[in-house]
Amino acid sequence: MTQHQFNALPGPGDVVGPVEVGPVAHGGHCVARLDGRVLFVRHAVPGETVTVRLTDTGKAKFWRGDVDEVITASPERVRPPCPVAGTCGGCDFQHVTPVHQRELKRRVVAEQLQRLAGIEWNGKVEQVGEPLGWRSRMRYVTETGMAGLRQHRSHDVVELPTGGCRIADPTGPDVETLHILAREAGGMDMSVAVAEPVSVVAGRQVLQGSRSVREQVRDHVLQVSTDGFWQPHRDAPEVLTKAVLQALKPKAGEVGLDLYCGVGLFAAALANADVRVVGVEQDRRAASWAARNVPGAEIISGPLERHLADLPHAVDIIVLDPPRTGAGQKVVTRLAALRARAICYVACDPAALARDLATFAELGYRAEQVRAFDLFPMTHHIECVALIVPA
């Protein structure tokens, strides 16, 4: 009798298999099949044979699970550098060699672009820095009185191991300090920013440092809230700014938009190139910082969808850096009507990027170039920068 034969349908906690692990899928898991049913399996590598401990059987068409035992291992499998990598929800790929992590992400980007936008992409995922110690922004839960992180798809807390989170910037607070600060946080989530100065806040409490920090990108200094949005990879602001400028090739006197502009990272780069910049940012605190960080720019505070009519009627270049859900049809339709000579789309989700590129294609624009950057090593996340021009 095989391991997956049950008198009734198995449920969470049951072990099924063995199964052959198929391709990687968007979301940090691989696809396997069990008696015709799709299994989304975490901590697997394509080509392996594994048994799977089920974690979610609530869907009729697919189940979710985690590798229970590796029967035939991939040559790309390694021992995770973190002892809680299998339970913490922060990292998906610590069990895979860094080079193969980028290959898996390349496959995901290529599959999403082809399936959702009809684009054949033969690019690569560009390495940025080292795979550990890169994350300058961390958010810890403190409800247990200790600093911890959430389990995958769960509210359960994983306490930080000795030595701390392996992808966190090691120049930040050590584990003992984090646990002390967690007790002061009183159950509030605790945000850590490794910047100038190193700061920790929990709600309205400043536990270390200050409420805001300074970030220098090239020759521009930007102020950002300690618990506000900033690219978590310490090298990301420089890498993305360079990629955007290389794509757009801004010219002095042009009119440019920085949409979903945050605290003004790309607006500052465009302003330094003597572009007249209009930025739009929904978060009021971020918009306030953007107005101070880039005093020559016009910053509109509010949801972009509500301010589409307020955009200039003549625009040369656009930076579009939407949230994970993408820009959406309404925004893309309005931007295509502006007939900018070039649009640079910065995307943290390849599926959302592909959907929006498909809409741009329907409106007379095409993706001339798509670059992918491994700005989230050890996780399934990836950042793409697409240059979109009139077809």
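So the values come out like this:
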quantity: Exclusive hit being within 16 Å of SER154 (Cα to Cα) and surrounded by fewer than 18 Cβ atoms within 10 Å (Cβ to Cβ), set ASP56, ASP35; calculated: ASP56
quantity: Output for the range 128-148, where each listed residue is crowded, with 20+ Cβ neighbours inside 10 Å, within 18 Å of the chain's Cα centre (by Cα) and outside any loop (DSSP other than H, G, I, E, B); calculated: ARG135, ARG137, MET138, TYR140
quantity: Filter result (under 30 Å from THR87 (Cβ atoms), in a strand (DSSP E or B) and not aromatic (Phe, Trp, Tyr)) within the range 334-391; calculated: ALA347, ALA372, ASP374, GLU383, CYS384
quantity: Answer residue from the range 19-68, given it is out of contact with any Lys or Arg (no Cβ under 9 Å at 6 or more places or on another chain) and among the charged types (D, E, K, R) and is farthest from GLY89 (Cα to Cα) among those; calculated: ASP35
quantity: Among (1) of a type in the set (Gly, Ala, Ser); (2) farther than 30 Å from ALA243 by Cβ; (3) crowded, with 22+ Cβ neighbours inside 10 Å, the one test that ALA168 misses; calculated: (2)
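Computed from the coordinates by the stated procedures, all read-outs in this text should not be read as laboratory data. As the structure is a prediction and not an experimental result, all values here were calculated from the model. Here Cβ is always computed from backbone atoms with ideal geometry, including for glycine, and neighbour counts include all displayed protein chains.
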